[in-house]
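Student: What follows is a single structure, and I will ask about it in a moment.
The values are calculated or read from the model by the stated rules, or taken from the named source; none is laboratory data. Since the model is a prediction, treat every value here as computed from it, not as a measurement. Backbone-built Cβ (ideal geometry, glycine too); neighbour counts: all protein chains shown.
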């Protein structure tokens with residue numbers, strides 16, 4: 001039995017979640033390099049006895065979505081910094097992409113030492129953590145609330161098609 005209508009419903013679910021997650025990334029200003037944005041993918045696979053739906057993204061997307069507790073500020077998340085600070089190099093590259101620079105005592109921009117900025121940001125993240133953005137969780141939950149009714153309906157249509165096909169085959173014998 002092919003579950004084409006059920007698979008179509010899951011494809012629509014997948015597309016909605018990815019589109020909304022990308023929108024939230026952009027609106028939340030978490031889309032500087034577009035790496036996380038472009039890494040959001042989903043797959044719907046039909047197996048002999050089931051259908052599999054899976055989502056993929058860069059690993060750090062999970063930390064952006066769920067957040068990370070710092071040593072001073074805590075969030076409701078399974079992730080936390082305890083003894084090791086975040087890496088400096090990617091944060092220095094991020095600061096350079098955003099053109100973040102330090103100022104001297106007179107208020108003039110210093111010539112860019114982005115490693116220093118990366119260190120300062122890393123230390124801040126270590127202490128304060130990363131606030132959960134829920135860029136993926138919110139669209140997933142929103143779509144999931146509507147999914148059960150739609151899936152039951154589509155699965156019912158697939159079963160009707162299967163029964164109609166089976167009955168037609170029996171008549172032809």
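Student: Out of the residues in the range 102-134 meeting the condition of being surrounded by fewer than 14 Cβ atoms within 10 Å (Cβ to Cβ) and touching a strand residue (DSSP E or B) at 6+ places or on another chain (Cβ under 8 Å), tell me which one is modelled with the lowest pLDDT.
Tutor: Checked the range 102-134; the qualifying residue modelled with the lowest pLDDT is 110.
Student: Tally the residues that are touching a residue at least 40 places away in the same chain (Cβ under 8 Å) and more than 19 Å from the chain's Cα centre (by Cα), restricting the search to the range 90-148.
Tutor: Within the range 90-148, residues that are touching a residue at least 40 places away in the same chain (Cβ under 8 Å) and more than 19 Å from the chain's Cα centre (by Cα) number 7.
Student: Being in a helix (DSSP H, G or I) and under 16 Å from residue 128 (Cα atoms) narrows it down to one residue among 91, 36; which is it?
Tutor: Answer to the check: 91.
Student: For residues that are touching a helix residue (DSSP H, G or I) at 6+ places or on another chain (Cβ under 7 Å) and surrounded by 16 or more Cβ atoms within 10 Å (Cβ to Cβ), scanning just the range 31-63, find the one that is farthest from residue 6 (Cα to Cα).
Tutor: Only one residue fits best here, namely 31.
Student: Among the numbered criteria (1) assigned to a loop (DSSP other than H, G, I, E, B); (2) modelled with pLDDT of 90 or more, which one does residue 16 miss?
Tutor: With (1) assigned to a loop (DSSP other than H, G, I, E, B); (2) modelled with pLDDT of 90 or more applied to residue 16, the lone miss is (1).
Student: For the range 76-87, give me the residue count where each residue is within 21 Å of residue 21 (Cα to Cα) and surrounded by 14 or more Cβ atoms within 10 Å (Cβ to Cβ).
Tutor: Residues flagged as within 21 Å of residue 21 (Cα to Cα) and surrounded by 14 or more Cβ atoms within 10 Å (Cβ to Cβ) within the range 76-87 amount to 2.
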